[in-house]
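Remarks on the structure that follows.
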């Protein structure tokens, strides 16, 4: 098994992959396929994909989170296909495939959600349910943008624009004013407290939910990465290749939906999911994070 990360594996089984059977159904993996998993996360999808492959198959996994590479290496121990794990953002898939002398892929999955490991144990402030340093970045590079920098240094109008544009937060201006008033903010709890002064809790949903979503998207340039990989995918697939995306909010889903429509209009292939596939009631009951998941798939072919 090849890997670009040299960390020591640690056992972790908390993460539950969403829409797992639905993914396997739409991708229809063959034993000898070359399969790309663009977001290894907790490694659950990767393991299931690998189990569909035979000894002539090849699984390539990407993740910007070095810990995800470690988890995936452990999860994939003993599988039949060859495995290549790449510590990089999936936005660089095309360049990395060339570097690893992998010309084309048969199937590809991009799960755009966050794994339970990242949300619950990374210590980087992704979740409002834990009091952690306000970072929200998966990258270990220096001089990287953090949520703390946005919250403590950006102007009120810019913060409000992020909360509204990427979080769909209708109280964005009130929250931005509360954030400015509460500075300095160094932990997730302090941020939640600031948001709560502007938007009191109503029902079960934490008032900071959309704020945290917007900051995660901004810090990790999630929409930029998605746009980039969507532009590059036609360069590393072939006739009969299939790609699937699992999205968790409307901005991601809209990008994928529109791109699939454009590909179909251009004659690149057909949309396999006329409507997005949601998680079943049974799955949502077992895994609440699946409630907003949507699966879309596309098959490339000559028409």
Please give the peptides 220-229, 99-108 ranked by average Cβ packing (other Cβ atoms within 10 Å per residue), highest first, as a rough proxy for protection. 220-229, 99-108
FRET E, pair residue 25, residue 143, Förster distance 25 Å, beta-carbon r, rounded to 0.05: 0.05
In the chain, what percentage of the DSSP-assigned beta bridges are antiparallel, given to the nearest 5? 40
Give me the tail of P(r) for the stretch 169-247 as a percent: Cα-Cα pairs with distance above 18 Å. 55
Report the residue, chosen from 85, 215, 272, that carries the largest GNM mean-square fluctuation when the chain is represented by alpha-carbon nodes joined by springs under 10 Å. 272
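If you stretched the chain out fully between residue 156 and residue 266, how much longer would it get, using 0.36 nm times the residue separation minus the C-alpha to C-alpha distance? Don't skip to the answer; put the middle values down first.
Details: separation 110, 0.36 × 110 = 39.60 nm, distance 4.23 nm.
Length difference between fully extended and current span is 35.4 nm.
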Could you work out the pair-distance distribution P(r) of the stretch 149-303 from its alpha-carbon pairs, with 5 angstrom bin width and percents rounded to whole numbers? 1, 9, 15, 17, 14, 13, 11, 9, 6, 4, 1, 0
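If the viscosity is 1.002 mPa s and the temperature 20 °C, what translational diffusion coefficient in µm²/s does Stokes-Einstein give for the chain when Rh comes from Kirkwood over Cα pairs?
Values: Rh = 20.0 Å.
The calculation lands on 107 µm²/s.
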Over all alpha-carbon pairs of the stretch 246-303, lay out the pair-distance distribution in 5 Å bins, whole %, shortest bin first. 4, 20, 24, 19, 14, 9, 6, 3, 0
Return the Rg/Rh value of the stretch 124-219, two decimal places, where both radii are evaluated on C-alpha atoms and Rh is the Kirkwood radius. 0.93
Between the stretch 23-46 and the stretch 172-217, how many Å separate their Cα centres? 36
Could you check which residue among 181, 147, 68 shows the biggest mean-square fluctuation in a GNM of the chain with a 10 Å Cα cutoff? 181
Acute angle (nearest 10 degrees) that the helix 172-182 long axis makes with the longest principal axis of the chain, alpha-carbon atoms: 60
In whole angstrom, and with the biggest value first, how far do the Cα coordinates of the stretch 72-175 range along each principal axis? 54, 28, 27
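No lab work stands behind these numbers, since they all come straight from the coordinates. For clarity, every value in this text was computed on a predicted model and none was experimentally measured. Heads up, the Cβs are rebuilt from the backbone with ideal geometry, glycines too, and the neighbour counts pull from every protein chain shown.
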